[in-house]
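Derivation of every value follows stated rules applied to the coordinates shown; laboratory data play no part. Keep in mind it's a predicted model, so treat the numbers as computed, not measured. Cβ coordinates were reconstructed from backbone atoms using ideal geometry, including for glycine residues, and neighbour counts include every protein chain displayed.
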Amino acid sequence: MWKTTLLLCLLVPLLSSCETSGVDQVKTPVVEPLVQVKTRIVDTACDWTKPIYVSATDVLSDETAKAILAHNKAGAVQCGWKPTGR
């Protein structure tokens, strides 16, 4: 008798715990986090380029002189290079 009563006392909470109220519960949709990708360009050319200096004894072709002049002018505009008195 005790075993039957004990068994019933243990089974009743297990069976009653699975009871639902019968009302359908509305599930809220899962919102995925919004990921924003922003590309940022960092120009580091001024950190590793320097003006090209030539001396009066250097022998340059016209194309080389034009390329050096274009390089130095671009550096003056982009990096703020100042002409020196060399």
Computed ³J(HN,Hα) along segment 29-46: with the Karplus parameters 6.51/-1.76/1.60, θ = phi - 60°, integer Hz and x for glycine or proline, the list is x, 7, 9, 6, x, 8, 9, 9, 10, 10, 8, 10, 9, 10, 8, 10, 4, 5
Here the Kirkwood hydrodynamic radius of segment 45-86, Cα-based and in Å, equals 11.1
Ordering 37-49, 55-67 by per-residue average of other C-beta atoms within 10 angstrom, highest first, gives 55-67, 37-49
